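Enquirer: Mind having a look at this structure? Questions to follow.
Please treat every number below as a calculation from the coordinates, not as lab data. Because the structure is predicted, anything quoted here is derived from the model rather than measured. Methodologically, a virtual Cβ is constructed for each residue, glycine included, from the backbone with ideal geometry; neighbour enumeration extends over all protein chains shown.
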């Protein structure tokens, strides 16, 4: 089975711009979660989507948004980029059910640099 | 809110020896899951081992095993016969047993395996 894929792998944007990151989960997985990793804040949960619905949300401003498509692929969008948004954005997928399917498998990440 | 604490920012071990990484967590939940993830220099997050809180038996995966002490809220990772490829950042993570996946991560421990 193919793993979780994320595109693009690297991105450089200017402050004030917006960006869209994409994540394709493992085949059959219906849950996609997004995390931000920075040296200062570590790994922080952004949000989780399951069957095209946001099921869980972290403490990030409204500039961070996401969506999930019927094929379980997910995108996250960051508008009005700030220098502090520079980070590794990790996507993880899981089966998403309540019992025995909670393990999350991560993609390689998208490295976003805001200048 | 749940918190995860990894008190060892860095550790080193000689090849073929055994090392233990510490993790403590704080929660009022009774049902939850605990994980250890490994992040090598490639930045790919890899699931090492998982533990369900309702299981008293400690999880093992080949050279990796955990010491889960629910009352003490402690979840340490033991790596036996350390190999150079074990060099990585190791993250301890917590997930509530609920409808929705959200991992809460510790700050991580950098493990260096020396030849």
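Enquirer: If I model the range B:1-105 as equal point scatterers sitting on the Cα atoms and use the Debye formula, what is log10 I(q)/I(0) at q = 0.11, 0.12, 0.16, 0.23 Å⁻¹?
Expert: Scattering profile of the range B:1-105, log10 relative to I(0): -0.32, -0.38, -0.68, -1.35.
Enquirer: Output the Kirkwood hydrodynamic radius of the protein assembly as shown, Cα pairs only, in Å rounded to one decimal.
Expert: For the protein assembly as shown, the Kirkwood estimate is 18.2 Å.
Enquirer: Can you tell which of A:49, A:89, A:102 shows the greatest fluctuation in a Gaussian network model of chain A with Cα springs below 10 Å?
Expert: Its mean-square fluctuation being the largest, the pick is A:102.
Enquirer: While we're looking at this one, here's another question. Please build a GNM for chain B, connecting alpha carbons under 10 Å apart, and tell me which residue among B:22, B:80, B:42 fluctuates the most.
Expert: Among B:22, B:80, B:42, the largest GNM mean-square fluctuation belongs to B:42.
Enquirer: For a Förster distance of 30 Å, can you work out the FRET efficiency between the beta-carbons of residue A:52 and residue B:64, rounded to the nearest 0.05?
Expert: According to the calculation, E is roughly 0.25.
Enquirer: Here is a follow-up. Subtracting the Cα-Cα distance from 0.36 nm times the residue separation, let me have the gained length for residue A:103 to residue A:59 in nm, one decimal.
Expert: 13.6 nm
Enquirer: Let me ask another. Rank A:86, A:33, A:70 by mean-square fluctuation in a GNM of chain A with C-alpha springs under 10 angstrom and give only the top-ranked residue.
Expert: A:70
Enquirer: Another question, then. May I ask for the percentage of alpha-carbon pairs in the range B:21-69 that lie more than 12 Å from each other?
Expert: Of all Cα-Cα distances in the range B:21-69, 67 percent exceed 12 Å.
Enquirer: Sort out for me the Cα centre separation of the range A:1-68 from the range B:52-115, rounded to whole Å.
Expert: Comparing the Cα centres of the range A:1-68 and the range B:52-115, I get a distance of 24 Å.
Enquirer: What distance in nm separates the two pseudo spin-label positions at residue A:11 and residue A:69, each 7 Å out from Cα along the beta-carbon direction?
Expert: Here the answer is 1.5 nm between the modelled labels.
Enquirer: Let me ask something else. Quick check: convex hull of the Cα atoms in the range A:1-96, volume per residue, rounded to a whole Å³?
Expert: Roughly 93 Å³ of hull volume per residue.
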